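Participant: Right, I'll just put the structure down here and ask away after.
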Amino acid sequence: MKRLYLKFSLWAFLVIIFLQMNGSRACLEKERIGLLEFKAFMKSNCEVDDNLDSWVEDGTSDCCDWERVTCSSISRRVVDLSLYWVAKHSSLGITCSLNLSMFYPFEELLSLDFSNNWFNGWIDKAGSERAALRLKKLQILDLSDNSFNNSILSFVGILQEIMK
């Protein structure tokens, strides 16, 4: 009887572990929402190419499977965002300011590529400082080929201090 109980307990334990692992295979909900908010922000505030088609709001979409997003295979947290050429160059000279508070959820982010987007600065300087503090694991930041004004300096300065 004791042996049967032990087998049943082991079997139940394995089933529970399997169910927990399968249940956590999707990206973190707050990161998925953050990505969708970034896409909506870009569409409403910038001239945007429609190149984030896989970023959809439905119950089955896993942001780790979305284009330009890489997640950790272990934690399923977003670790890389390749957001180059999201905004297109406007023939009217329209540039876009970036709201970094949308990146608060991405605390495990290691690499962020914002190159070639025609960004001119941050919407909220204080928000950029808070974002820099939250992105403390960031190792690679590509801001090349943008039109940033001086508002970027505090963000980059804080990142440099964190990375020391």
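Read the figures in this text as sums done on the coordinates, not as results from a lab. Just so it is clear, the model here is predicted, and its values are computed rather than measured.
Participant: Whose amide H sits under 5 Å from the amide H of Asp142, counting only residues 5 or more places off or on another chain, with H placed in the peptide plane?
Facilitator: Leu112, Asp113, Phe114
Participant: Among the aspartates and glutamates, select those whose C-alpha is under 12 Å from the C-alpha of Lys136, and discard any that sit fewer than 8 residues away in the same chain.
Facilitator: Of all the aspartates and glutamates, those that pass the test against Lys136 - Cα under 12 Å, at least 8 places apart if same chain - are Glu107, Glu108, Glu161.
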